[in-house]
Amino acid sequence: MRRALAAALALALGASLPSCKRQHYAAETLPELPYPTCEGPTEALYETTLMSGANDTRMPIVERFRWERRGCYFAAVVRQEWPAQIADVEVVYDGELRPLRAWRRLTMPHSPRADGGADTKSYELRTTPIGVRHRALSGAVDLETLRAPRAADVVVAAGRGVIGVWLAKAKLGVGEKTRAGVLDVRGVEKLEQGALERLPDRRVEALGRTVRVYTFFGKETVFADEHDRVIGDLAGLVDARAAGRAVPPPMPTYAPIDPARTP
């Protein structure tokens, strides 16, 4: 009887805690792949600035997002600023919006260090498992692999603009739902199956218009325009043009971003 109860408890815990499975493994070396490029000119397809609106209860946030065509590839370039941290992100995609490589740098707005206390990571999605390079505050670089039973179809990073790539790839109608392998690099990175659902369109007064409504991971909601470009979120982020006040001046950059050669 006790063995049966123990087995049942172990099964229940295993079913309820799938995210606890180990994914990070230290590595001595990682494959050296060139930064993904594709012959052809680079052009900005669109740029937008999002910022905290009057109803946003979080710390003030400003996000600058740019979507580029780089030959036959695409890239999402993000800079998210708030009083406690600055996040710079770049994700490169192939022509079918499959992520090839991701990069992120975290700095502190009021750091006394010349580099802003930079903490930098890159994620190589063209290898299995995903290769992760990390440069810490000390300058030391460590390597690891991120192992999971699924590939990364989508990258979720700082800011909301990058979610628009998932929306454009999914092409959901109202009421439709899809699942994908999601590499979430906003905190301790993890690769998991994530759900994206399109809810009925609604009018958002803070944006002054009717928007498309999407929920991902079952708990985070963003608003998009008719082209599936993210223009706000449920927590109060809005298109800067609808904020009713000036965009704050940019925070320190410390150094230009260099996704191809760092960390």
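The values are calculated or read from the model by the stated rules, or taken from the named source; none is laboratory data. Note that the coordinates shown come from a computational prediction; the quantities given were computed from them, not determined experimentally. Counting neighbours? That spans all protein chains shown, and the Cβs are built from the backbone with ideal geometry, glycine included.
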**Request:** Inspect the range 98-109 for any residue being among the small types (Gly, Ala, Ser) and either outside any strand (DSSP E or B) or out of contact with any strand residue (DSSP E or B) (no Cβ under 9 Å at 6 or more places or on another chain) (or both) and give the result as yes or no.
**Result:** no
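Would you say ALA224 is closer than 29 Å to ARG58 by Cα and among the aliphatic types (A, V, I, L, M)?
So ALA224 passes the test.
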**Prompt:** Across the range 195-245, what is the total count of residues that are out of contact with any helix residue (DSSP H, G or I) (no Cβ under 9 Å at 6 or more places or on another chain) and small (Gly, Ala, Ser)?
**Reply:** 8
**Request:** Among the residues of the range 235-257, write down those that are surrounded by 13 or more Cβ atoms within 10 Å (Cβ to Cβ), within 29 Å of ARG101 (Cα to Cα) and not aliphatic (A, V, I, L, M).
**Result:** ASP239, PRO252, TYR254
**Request:** Only residues that are at pLDDT below 95 and assigned to a strand (DSSP E or B): list them for the range 159-189, please.
**Result:** none
**Complete:** Going through the range 179-211 in order, the residues found to be under 18 Å from the mean Cα position of the chain (by Cα) and polar (S, T, N, Q) are GLN193
**Prompt:** Picking from ALA195, ALA180, ALA235, ALA152, which residue would you name as being of a type outside the set (Asp, Glu), over 30 Å from PRO109 (Cα atoms) and touching an Asp or Glu at 6+ places or on another chain (Cβ under 8 Å)?
**Reply:** ALA180
**Prompt:** Can you name every residue in the range 208-228 that is assigned to a loop (DSSP other than H, G, I, E, B) and surrounded by 19 or more Cβ atoms within 10 Å (Cβ to Cβ)?
**Reply:** ASP228
**Prompt:** Which number in (1) within 28 Å of PHE223 (Cβ to Cβ); (2) in contact (Cβ under 8 Å) with a residue 40 or more places away in the chain marks the one condition that GLY181 misses?
**Reply:** (2)
**Item:** Options ARG70, ARG147, ARG66; residue that is touching an Asp or Glu at 6+ places or on another chain (Cβ under 6 Å) and surrounded by fewer than 18 Cβ atoms within 10 Å (Cβ to Cβ)
**Value:** ARG66
**Request:** Could you tell me whether any residue of the range 89-105 is within 25 Å of ARG245 (Cα to Cα), buried (at least 20 other Cβ atoms within 10 Å of the Cβ) and at pLDDT 95 or above?
**Result:** no
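Okay, residues lined up against (1) at pLDDT below 50; (2) over 27 Å from GLY161 (Cα atoms):
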position	(1), (2)
ALA6	yes, yes
ALA10	yes, yes
ALA15	yes, yes
LYS21	no, yes
ALA44	no, no
ALA54	no, no
ARG58	no, no
**Asked** Taking the range 232-263 as the region of interest, how many residues are touching a residue at least 24 places away in the same chain (Cβ under 8 Å), assigned to a loop (DSSP other than H, G, I, E, B) and farther than 30 Å from ALA140 by Cα?
**Response** 6
